[in-house]
Every structure is written in C-alpha cells, then in structure tokens.
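These notes are about the structure you will find just below.
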Amino acid sequence: MIKYETMGKQNYLTNDPAIATVAFQESAFFSKHITPEHPLAGIKDNRALFICDTDTDAWRQAHKFIPPSMAPKAIRHYTPLMEASVKDSFKVFDQLDEQGEAWNVYQYMLKLASQTVFKFALGYDAHHFDNPDAPLSELVILIAQSLSLNKKVASRGAWYAKLSAIPFTAAYDLDKIRYRLWTILNQAIDQAPKGSNEDDLPLQSAALGASCVVDYLKRATDDNGNKLPRELVIPNMLPISGAGFTTTSSLLSWLLYSLCVYEGNQERLLQELVDAGVNENTKWTPELSDGLTFLDKFVKETQRLHNPSFQPGRTAKVDCIVPGGYKLPAGSVVICALHAIHNNPSIWSNPDRFDPDRWGTEEVSNRPKNSYMPFATGPRSCIGFNFALGEVKVLLPELVYRYEFSKEGEEAVTYDPEFQLIRPMNFYVRARRRTSYPEPSPGAKKIAVEYAEGEEKPPI
C-alpha cells in the first residue's frame, strides 16, 4: 500500500488483492462513500447508482430496480440488438477498406459502442454509421467531456472544485456541460420508444417485455406495486448510458490492439469462429458466445493487461488495520489499482506477457481471491458487466470474421492521462474485407445456428 498526496489531497493505492477484498465489501469498515478525495467526487450524484454513496435510500431503491435490467436473461433479450448494431457498421468499414484508408480505432469504437448502448438504454439511434464521416451524437460528446473534466477537477484538489462559478476553469466548464447533459437526457428519456404496450411489468421479467432500459424503468413494478420514482430514473440513465459506452469503447479498442500487436491471436480467433460454424448468416446467441472458449480467454487476458477501468475507490468508515498491518484513519480513500493488481508479479507469472492460455490453468485457478477483477467486486461492483461482456463477445467476433485487422504505423500507442478511463488515443488500423477463410479443424463441432429462411435478420 502506498500513501500519496497531490494538490492537498491524500489517498492510498494498493496492489494487494487481500486489501482490495476487504475494501470492496460494504461493511462496518469500508463503503463507497464519495468524499472530496474520491476519484468520482466531481460527478457525484446521490440519486444515481454508480456515482452515489451506498448509505442512501436512493441507492437502495436503484439497486433493487436497475440490476435486473442487465441480468443474463435480459442480455439474451438484447443480443439481436447488439448484432444489428455491429452489422450496421459494416457499410462504413467496407467503404473505408475500398478507399484504402486507415482509421482511428478509439473514435470508431466510440461510435459503435455508444450506438449500441444508446439503443439498449434509450431506444435511441445515434446514426453514427450513416457514412464514414457521420458526427458523434452531442450526448456522446458531452458525456466524454464531462468525464475528462471531472478527472481534471478531481486531480487538482477539493479547492479547485469550488471554482465552478469562475469562467475559464475546468470546474466551470464541467458545471455547464452537466446542465446541458441533463437537458438532452431528459428529452431522450421522454422520447424513448415504448414496448408493445404500456402495461406495468413484474420486476424480475420486465426487461423481456421492454423496448429499452428507460421503458423498463418506467414499467417495472415490484411485488408491492412500487416503481423506481421518476426523480431517480433520470439521474440513473446518465451513468447507465455514459459508463456503458465509455467502458466498452475503450475495451473494444484494446481488444483490437491485442489482435494486431500480439501475433497469432487474430488467426486463432478466426479459426475458432470457423470451427464453430460461424458465417454471414449466423444468428448470434449467448450460447454461441459462451461456446467460444478462446474468445473468452482472449478477452480476459486483454482485460488483465489493458483494462479500461483502473481506479475504483472505497472509503474507510472507521480507523482500521487492513491486511499487511497498514493502519488507516477513518475517511481514508483506498484506491484498488486494478492494473497493478492484474500485473502483480507475486501473483502472476511473467505478468507482462500476453498469454491467453494462462486462463484455465491450475496456476491461475489457485491465485489469491480477487487477483482479477476488471469490473471490481462486492455489492458496488459494476452492474453492467453482463451487458459489457455480452456486447464485446458479439461485436468483436463479428468484426474479426468480416475483416482482417493490421496496425498502421510504428508510433507507440499513447493514452489520455486526463480521462476517467484508459483508452488508446493514436491507434490506427487497416480493416481489410476477408476474401478467404481457413478450413475447419479436424473434429470441429459446429455450435452456431443460422437464420431460417424468411426469418428477419439485421441488414448488412
């Protein structure tokens, strides 16, 4: 554990999964209490699930209603939407290939991930792939700007956050952008499409009858006839939408980076798709995604080495001693440094090596608890992890089956240190339309299913 101080703010960093395990459990000792020293201080909202304190009535209500909208059976319901979103992008990537153009991976994955998440969350079409130069939705731009400004404000100390009334400061810009965000989000929520009817739906199955998360939250009803209050619906849609696409756009970018930089992995993934019987008429299902074992290992190894999220924090409620004998005063913010935990050489052998085959080995199975936690862990872990993994396990294989990716240029890939997540900023690729495929491996078993004749499928 390391104590550090910057601009008058003190925090603690740890690369020890034993300390992280204690910190992430909501208990008498630690909680997600967003103090001025917490990384999320600038965007704290005690009405919203991800950016509020745990010990609030709003969190308890939101935590009851929102997670079922992203449960595994809900992800099954939204899998066709994911497939449709990535296939909508093909016309743009085909055109870029025909023109021989390389493209910035993060910018296009931002378009793809946000278009998918907006359809899922708001039933909203961002039109990001109408043509190669289609502009980003204003909602995407504002959310990205708010995350960047929050990082700047939070890194400069609590005193700087008080300057929101002073023009030309990041605190002032953050305040104005948040106001505009609320305005646009309110409009999107009011205009969200309805399901086949407007009847109330039982909480645990409501996602299966809703058109999107907003429609779900308006209609989901618990056993006592209660719904999530309207005053909590709007604040929660911002982190659901924003956290959804900022995380998956960065993860998709790093997945493409891993395909291009770590030799042999793109070929292995393509072979697995061929062996599974994937083709242009494949109907994506959770069973297909779950059956792609190398894809699962590849995603895990990419998240181990290049996880977008890196600084989840928890606050000590009382003076306490954590594993290792470190004494922390009440109010201390412990930041579980995910990258440092995932690359801790006392836990991982040869941690700098990209090795998907380490997954499933006895060594990895016997590692200490919470040595790998890309979505954090405990009661306040990421509620959208099912959707995020379900999304990338549809979008990435669809892209790999259609295109061969190669990195353009020799420049080292850099990231933005003033953004809330780790994202590659200058990573360019050529995506060439495949014209040939390997033969299936001997003994390969087809698990993919195809659309029946006349069955409606997403257009390409």
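Values quoted throughout were computed directly from the atomic coordinates according to the rules given, and no laboratory measurement underlies them. Treat the numbers as computed from the prediction; the structure is a model and nothing was measured. A quick note on method: Cβ atoms are made from the backbone with ideal geometry, for glycine too, and the neighbour counts reach across all protein chains shown.
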task: Give the Cα extents of segment 296-350 along the principal axes, in whole Å, largest first.
output: 41, 22, 14
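Highest mean first, how do 356-369, 143-156, 421-434 rank when packing is the count of other Cβ atoms within 10 Å averaged over residues? Write out the running numbers ahead of the final one.
Values: 356-369: 13.6, 143-156: 20.9, 421-434: 18.2.
Peptide ranking by packing, descending: 143-156, 421-434, 356-369.
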field: Positive-end extreme of charge dipole, segment 44-198 - chosen from 46, 90, 100 (charges on Cβ)
entry: 46
query: What is the distance, in nm, between label points placed 7 Å from the Cα along the Cα-to-Cβ direction at residue 406 and at residue 321?
result: 6.1 nm
query: How far apart, in nm, are two points set 7 Å out from the Cα along the Cα-to-Cβ line at residue 204 and at residue 349?
result: 4.4 nm
query: Along the positive direction of the dipole of the chain (beta-carbon charges: Lys, Arg +1; Asp, Glu -1; about the Cα centre), which of 350, 224, 22 reaches farthest?
result: 22
query: Can you work out ³J(HN,Hα) from phi for every residue in segment 241-257, in order, using Karplus 6.51 cos²θ - 1.76 cosθ + 1.60 and θ = phi - 60°, giving whole Hz and x for Gly and Pro?
result: 6, x, 5, x, 8, 5, 6, 6, 5, 5, 5, 4, 5, 5, 5, 5, 4
- prompt: Given the Cα-Cα distance of residue 455 and residue 191 and 0.36 nm per residue of separation, how much length would full extension add, in nm?
  reply: 92.1 nm
- request: Would you mind computing the Rg to Rh ratio of segment 352-460 from its alpha-carbon coordinates, Kirkwood style for Rh?
  value: 1.01
- line: Between residue 30 and residues 5 or more places away or on another chain, the pairs with built amide H atoms under 5 Å apart involve 317
Partner aspartates and glutamates for residue 176 [C-alpha distance under 16 Å; skip if fewer than 8 residues away on the same chain]: 45, 138
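Run the numbers on the chain and let me know its relative contact order in percent, using alpha-carbon pairs under 8 Å that are six or more apart. Before the final figure, lay out each step's value.
Details: 789 pairs, mean separation 122.1, N = 460.
That works out to 27 percent.
Give me the number: length gained by fully extending residue 131 to residue 98, i.e. 0.36 nm times residue separation minus the C-alpha to C-alpha distance, one decimal in nm.
Working: separation 33, 0.36 × 33 = 11.88 nm, distance 1.35 nm.
Computed gain between residue 131 and residue 98 is 10.5 nm.
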query: Using Cα pairs under 8 angstrom and six or more residues apart, how large is the relative contact order of segment 1-132, in percent?
result: 12 percent
field: For segment 1-66, alpha-carbon Rg and Dmax in angstrom
entry: 13.5, 39
query: Fewest first, what order do 284, 159 take by the number of other Cβ atoms within 10 Å?
result: 159, 284
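Could you work out the helix-only [θ] at 222 nm for the chain, with each DSSP H run of four or more residues adding -39,500 (n - 2.57) and the total divided by the number of residues, to the nearest 500 deg cm²/dmol?
Numbers: 15 runs with 202 residues, N = 460.
It lands at -14000 deg cm²/dmol.
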- prompt: Which lysines, on any chain, are close to residue 393 with Cα under 21 Å apart, when same-chain ones fewer than 8 places away are left out?
  reply: 73, 87, 91, 111, 119, 283, 297, 300, 445, 446, 457
- prompt: What Rg and what Dmax come out for segment 235-378 when only alpha-carbon atoms are used, in angstroms?
  reply: 18.4, 60
statement: Computed D for segment 171-249, Stokes-Einstein, Kirkwood radius over alpha-carbon pairs, 37 °C, 0.692 mPa s, to the nearest µm² per second, is 238 µm²/s
(i) 0.93; (ii) 0.96; (iii) 1.02, with the label sought being that of the calculated Rg/Rh (Cα atoms, Kirkwood Rh): (ii)
- prompt: Cross-link partners among lysines for residue 3, C-alpha distance below 16 Å, same-chain residues fewer than 8 apart left out?
  reply: 327
message: Rg/Rh for segment 1-137 to two decimals, with Rh computed the Kirkwood way over all alpha-carbon pairs.
response: 1.10
